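A.B. asks: Got a structure for you, written out below as C-alpha cells; questions coming shortly.
Coordinate-derived values only; no laboratory data. Computed from a prediction, not measured in an experiment: that's the story for all the values here. Methodologically, a virtual Cβ is constructed for each residue, glycine included, from the backbone with ideal geometry; neighbour enumeration extends over all protein chains shown.
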Amino acid sequence: MINIEDFAKIDIRVGKVLSAEKVPETNKLLKLSVDMGEPLPRQIISGISSYFPDCALLVGKKCMFVANLEPRVIRGLESQGMIMAISTEDGKFSLLQPNDEIPVGTRAK
C-alpha cells in the first residue's frame, strides 16, 4: 500500500503518439515518439508490440503516460516515460485513453 502523498508524486499526462515503429530484433518492443505538450517529443519504449501488429494504428492516438519515470535504456534506446495500459490473463488489452477533447500535456489530478 502507498499513501496519497506517494501517489501524488506520479506525473500522469496526456500524450499523443506521433510515430510508432518496431524495435529491430525484438518481439515485444515498440519505439514511440510522443507529444506531451513539451518543446520536444519524448521517446517511449514499450513492450506492447504483440497487441499492435500494425503499429501505425497507434499514430495519432492520445493515451495516458507516466511522465516522471526515471529514464531507462532498453536495447540501447532511452525510454523517457511509460505508456499506461492494462491486460488480462486471457489476452484482453486496452490502452488508457482520455476523451478526445482533453488537450495534450494535461496532467491527471
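A.B. asks: Please enumerate, by chain and number, the aspartates and glutamates with C-alpha under 19 Å from the C-alpha of K61, excluding those fewer than 8 residues away in the same chain.
C.D. replies: E21, D35, E38, D100, E101
A.B. asks: Working out 0.36 nm times the residue gap between N27 and K92, then minus their Cα-Cα distance, what length gain in nm do you get to one decimal?
C.D. replies: Computed gain between N27 and K92 is 21.6 nm.
A.B. asks: So if we plug the beta-carbon distance of I102 and S50 into 1/(1 + (r/R0)^6) with R0 = 25 Å, what FRET efficiency do we get, rounded to 0.05?
C.D. replies: According to the calculation, E is roughly 0.35.
A.B. asks: Follow-up. Using a simple charge model, +1 on the beta-carbon of Lys and Arg, -1 on the beta-carbon of Asp and Glu, nothing else, what dipole does the stretch 4-95 show about its Cα centre, in debye to the nearest 20?
C.D. replies: Once rounded to the nearest 20, the dipole reads 220 debye.
A.B. asks: How are the Cα pair distances of the chain distributed, in percent, across 10 Å bins from 0?
C.D. replies: Reading the bins upward from 0: 14, 45, 33, 7, 0.
A.B. asks: Please identify, among A67, A56, A20, the residue showing maximal mean-square fluctuation in a Gaussian network model of the chain using a 10 angstrom Cα cutoff.
C.D. replies: Highest fluctuation of the listed residues: A56.
A.B. asks: May I ask which residue of G76, P39, Q97 lies farthest towards the positive end of the charge dipole of the chain, with charges of +1 (Lys, Arg) and -1 (Asp, Glu) on Cβ and the Cα centre as origin?
C.D. replies: Highest projection toward the positive end goes to P39.
A.B. asks: Label-point separation (nm) for D11 and I74, each offset 7 Å from Cα along Cα-to-Cβ?
C.D. replies: In this crude label model, D11 to I74 measures out at 1.9 nm.
A.B. asks: Here's another thing I want to ask about it. Take the chain, connect every pair of alpha-carbon atoms lying under 10 Å apart with a spring to form a Gaussian network, then pick out the residue of F93, F52, F65 with the largest mean-square fluctuation.
C.D. replies: Maximum among the listed residues: F93.
A.B. asks: Cut-off is 10 Å between beta-carbons; in what order do V34, V23, V14 appear when sorted fewest neighbours first?
C.D. replies: V23, V14, V34
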